[in-house]
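The values are calculated or read from the model by the stated rules, or taken from the named source; none is laboratory data. Keep in mind that what you see is a predicted model, and the values were worked out from it rather than measured. Cβ atoms come from the backbone with ideal geometry, glycine included; neighbour counts cover every protein chain shown. What goes into the accessible areas is simple: the full protein's heavy atoms, side chains included, and nothing from ligands, DNA or RNA. Shrake-Rupley method; radii C 1.70, N 1.55, O 1.52, S 1.80 Å.
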2 protein chains.
Amino acid sequence: MGNMKKYHHGNLEEALLTAGLQEAKARGPRNLGVNFLAKAVKVSPTAVYRHFLSGESLRASISQQAREELARQMLKAIATQTDVKNRFRAVGRAYINFALNEPGLFAVAFVACEEGPQREDSPSAWMVLQDSILDICNAKLIEASEVQQVASFAWATVHGFATLAGGSDPRRPKTNEKTISDLLDRTWSGIIQLGSKNSAKDKLGAN
Amino acid sequence: MGNMKKYHHGNLEEALLTAGLQEAKARGPRNLGVNFLAKAVKVSPTAVYRHFLSGESLRASISQQAREELARQMLKAIATQTDVKNRFRAVGRAYINFALNEPGLFAVAFVACEEGPQREDSPSAWMVLQDSILDICNAKLIEASEVQQVASFAWATVHGFATLAGGSDPRRPKTNEKTISDLLDRTWSGIIQLGSKNSAKDKLGAN
DNA sequence: CCCTAATGTTTACAGCATACACATAATGAG
DNA sequence: CTCATTATGTGTATGCTGTAAACATTAGGG
């Protein structure tokens with residue numbers, strides 16, 4: 001008796017996002033299509049368009065959610081760390097761990113990030129990373145003028161490693177603790193750059 | 001009269017790859033489908049299957065070509081450099097320049113690298129990069145035991161930056177000369193890690 | 001209470017990858 | 001040279017996608 005199927009779903013939008021995230025977690029971006037997700041929620045394909053402009057924008061929303069999940073895990077990882085250096089390491093490690101533990105989600109988070117303006121109130125991995133760099137600056141380990149450059153460097157390294165390690169390349173780097181720790185050590189070296197202001201004029205031959 | 005259209009194309013395979021590369025260069029991965037490329041070469045869609053197992057494998061071949069082009073440009077950039085440090089910088093800069101100057105090709109080169117075993121004889125960006133790291137090792141600036149770690153680090157940084165800078169993220173890093181030069185400086189710092197325990201004999205004076 | 005807006009379904013169509021049957025051209029053996 | 005074989009192309013058909021348009025059902029406010 002109770003099993004009367006309601007004509008209206010109730011809150012389809014959230015259901016679609018949830019189903020999308022679950023699928024992303026399980027199998028990556030492959031099946032995040034309108035038809036598949038509609039079926040997963042037991043709804044007609046065209047119903048999707050009452051909540052999203054297009055299949056692409058649905059995917060963009062799922063991707064956004066995945067990015068927020070990453071940011072949340074980074075925030076959690078940073079919470080217990082007080083030392084600037086350890087905070088940065090925690091950020092980097094959380095980022096990389098996310099890519100390794102949730103390869104599907106990570107892939108979805110960073111495929112074709114062509115979406116519109118992200119809401120600024122939502123947690124963003126980039127912001128968390130940048131904050132940890134600002135901390136380093138506040139601790140006088142780098143100068144304010146360097147912050148942007150350092151952030152780009154750190155972001156590139158961590159994101160690059162996560163991408164390569166999480167991917168399916170035959171030449172993908174090792175992913176053991178030692179390798180990751182070493183990577184973060186080297187990144188830290190690049191951040192602090194003993195050559196910059198301590199060692200005065202770089203003895204460049206730079207090009 | 002000479003305009004008699006031949007029933008057989010002559011060498012369709014190469015034509016498809018060329019058309020694919022051209023399209024990739026112009027508009028990225030968007031239109032690299034069987035129908036589109038078949039039309040571009042003025043051939044029936046199903047003709048493609050005489051030369052490729054599937055549309056996916058066609059795309060994989062195009063992607064491979066793009067990667068080879070990248071490797072070639074890296075090799076060219078390295079050719080004039082003799083100093084180990086400058087060689088490494090040239091490699092990194094070529095990689096990044098490729099991403100910036102040919103965003104379409106770069107995107108195609110690294111989307112869904114799920115392809116089968118790459119031919120070992122073809123030039124590979126990874127190999128070029130690794131060779132430049134080996135050079136650093138031969139110059140006694142790092143130890144043999146570090147090579148893999150260093151290669152992973154350098155690869156991650158350069159690839160990560162190229163990916164981020166080449167993408168369409170709103171938060172994408174600046175791409176001016178200074179930023180790139182700074183990035184390579186910091187990467188170099190991470191490579192020769194003065195802070196490490198074995199701190200290496202200061203070859204710094206040599207520069 | 002009914003009218004309207006929100007939400008879901010059905011139907012329809014274009015574009016895609018691809019299988020299958022058929023057409024044509026190139027090649028090599030007698 | 002002739003002719004069969006093989007390589008390479010075309011045409012047609014199918015099932016899957018994304019999405020538009022018209023219709024159905026329900027929720028909520030005058």
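Go through the range B:1-30 and give me each residue that's within 14 Å of another protein chain (Cβ to nearest Cβ) and within 9 Å of DNA strand C (Cβ to nearest atom).
Selection gives nothing.
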So, in the range A:87-106, exactly how many residues are farther than 17 Å from A:Ile180 by Cα and either of a type in the set (Phe, Trp, Tyr) or open to solvent by 60 Å² or more (accessible area, probe 1.4 Å) (or both)? 1
For the range B:33-45, which residues satisfy the criterion of being among the basic types (Lys, Arg) and more than 8 Å from DNA strand D (Cβ to nearest atom)? B:Lys39
Out of the residues in the range B:7-27 that are of a type in the set (Gly, Ala, Ser) and surrounded by fewer than 18 Cβ atoms within 10 Å (Cβ to Cβ), which is farthest from B:Gly166 (Cα to Cα)? B:Gly10
Given the structure, is B:Arg87 basic (Lys, Arg), within 14 Å of the chain's Cα centre (by Cα) and more than 16 Å from DNA strand D (Cβ to nearest atom)? no
Restricting attention to the range A:37-66, report how many residues are surrounded by 16 or more Cβ atoms within 10 Å (Cβ to Cβ) and away from DNA strand C (no atom under 14 Å from the Cβ). 8
Enumerate the pairs (first residue in the range A:142-159 and facing chain B (nearest Cβ under 7 Å); second residue anywhere and open to solvent by 20 Å² or more (accessible area, probe 1.4 Å) and among the β-branched types (Val, Ile, Thr)) with beta-carbon separation below 9 Å, excluding pairs fewer than 6 apart on the same chain, so at least 6 apart or on different chains. A:Ala156/B:Thr163; A:His159/B:Thr163
In the range A:69-86, anything surrounded by fewer than 18 Cβ atoms within 10 Å (Cβ to Cβ) and under 14 Å from A:Glu102 (Cα atoms) is listed as A:Arg72
Please work out which residue is farthest from DNA strand D (Cβ to nearest atom), limiting yourself to the range A:46-60 and to residues that are free of Cβ contacts under 8 Å to residues at least 24 places away in the same chain and within 29 Å of the chain's Cα centre (by Cα). A:Leu53
Limited to the range B:175-205, what total is found for residues that are facing chain A (nearest Cβ under 7 Å) and at pLDDT below 95? 3
Do we have B:Lys5 as out of contact with any Lys or Arg (no Cβ under 8 Å at 6 or more places or on another chain), of a type in the set (Lys, Arg) and without any contact (Cβ under 8 Å) to a residue 12 or more places away in the chain here? yes
